[in-house]
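So the structure is just underneath, and the comments pick up after that.
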Amino acid sequence: MRIEIISTGDEIVTGLVVDTNAAWLSALLLELGWQVRRRLTVGDNLADLKTVLQESANRAEVVLVCGGLGPTADDLTAQAAAEAFEQPLTLFPDWLATITARYASRGRPMAQSNAKQAWLPQGSEILDNPVGTACGFVVRSGQSQLFFTPGVPFEFKQMVREQILPRLKQLAGAQIDTELRRFYTFGVSESALSDMLDAEPWPAGIELGYRSSMPLIELKLIGHSASAADMESAEHRLLDTIRPWLVGSGDTEPAQQILALLQGKPLALLEGESGGALLALCHGYPRLEANFSTLLADELAQLPTVDAGLQLTIGRKGPEGVPLLLSADGMHIGQTVKVSHPDPESRRKILAFAALDMLRRHMLGEPVLGDYLTLTRTAQRS
């Protein structure tokens, strides 16, 4: 099922407003197995809107149009749809009554301009908007269905979830043309991964995507109508390469996956150079004790230890780097690492995840000190 998204509005074209709606919708559809093939942005110009609507309808089975359904003169989407598909604007009395009643319930008269929101392309199907005055609507043109939605984010998202997704699922039936599998790595650069993974082509219908999300690299294995056997083979190939740096997979954030390994055990954090970045990763864990100090040592051997329970300590930066220590029921394993990233916030995030990865490795029974390509280890304690 080919899907395209059209975002409308001069404010988006000019960069005054960031188009978060299209990004959110693309990600949501991909999670459900449908990859958006094209995203377009067009300003408040009637001729441009008509052209873009017609072109998308000729290419895609589903077109999702966001914005331009308000009561003002620059809200032109309904008129553009009416003219593009030769379905003249027609008054929908039921929606006009809904808008009028909504204003009356608030003790306010409806502005005359709001009546414009009840004039829709003839023959279109209304999509309810229980939290606003702009209803959505569906127009059919040949093999294409075009879904028109308001641009206000909370109205848009509610309409997508409640009105549009059920229709898309019915339209697609059992057809899921895209499968997405996520994997997360730490301690290896995006370019190094590409050198290792892209030397040979992937099977037909399968592609590998990369996303840097400091301090991790997210790898997305995407199958387009690929067979289960091909997806499994591709995943095995991917895992065989990235396993030394793999820190999580699936839709749950890796930090949360690591904390789940504790199975409710208490965890203590003592931070220096990381400045609270480790606490940010662990925030929400119910049995967490966190402290910060500027007086921690810059040498691994001088960091404080505990003889019971679990504690992660990140010391102060010294000539040899920053010391990281895991204390686990009387066992103390640590390393001093140098982080070369130029951005201070990114350095703090890298240090925090390096400490958390030590905990992950311990809980899984793996060697606590990993072999990272992006960190330099200058000392260790075991």
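The values are calculated or read from the model by the stated rules, or taken from the named source; none is laboratory data. What you are looking at is a predicted structure, and each value in this text was computed from that prediction instead of being measured. So basically every Cβ, Gly included, is an ideal-geometry build from the backbone, and we count neighbours across all protein chains shown.
Report every pair of residues separated by at least 6 positions or lying on different chains whose Cβ atoms are under 7 Å apart, first residue within segment 82-106 and in contact (Cβ under 8 Å) with a residue 12 or more places away in the chain, second among the hydroxyl-bearing types (Ser, Thr, Tyr).
Sorted first by the residue in segment 82-106, then by its partner, the pairs are 85/141; 87/124; 99/133; 102/133.
In this structure, is residue 4 among the acidic types (Asp, Glu), within 16 Å of residue 138 (Cβ to Cβ) and under 20 Å from the mean Cα position of the chain (by Cα)?
Values: among the acidic types (Asp, Glu): yes; within 16 Å of residue 138 (Cβ to Cβ): yes; under 20 Å from the mean Cα position of the chain (by Cα): yes.
So residue 4 fits the description; yes.
Which condition from (1) assigned to a helix (DSSP H, G or I); (2) touching a strand residue (DSSP E or B) at 6+ places or on another chain (Cβ under 6 Å); (3) closer than 30 Å to residue 179 by Cβ is the one that residue 28 breaks?
Looking at each condition in turn, residue 28 falls short on (2).
Please work out if residue 220 is basic (Lys, Arg), in a strand (DSSP E or B) and either in contact with an Asp or Glu (Cβ under 9 Å, 6 or more places away or on another chain) or touching a residue at least 24 places away in the same chain (Cβ under 8 Å) (or both).
Working: basic (Lys, Arg): yes; in a strand (DSSP E or B): yes; either in contact with an Asp or Glu (Cβ under 9 Å, 6 or more places away or on another chain) or touching a residue at least 24 places away in the same chain (Cβ under 8 Å) (or both): yes.
Spelling it out, residue 220 is indeed basic (Lys, Arg), in a strand (DSSP E or B) and either in contact with an Asp or Glu (Cβ under 9 Å, 6 or more places away or on another chain) or touching a residue at least 24 places away in the same chain (Cβ under 8 Å) (or both).
Using beta carbons and a limit of 7 Å, which pairs, at least six apart or on different chains, have the first residue in segment 231-256 and not assigned by TED's automatic domain parsing to the domain that holds residue 31 and the second one exposed (fewer than 13 other Cβ atoms within 10 Å of the Cβ)?
What qualifies is 241/196; 244/371.
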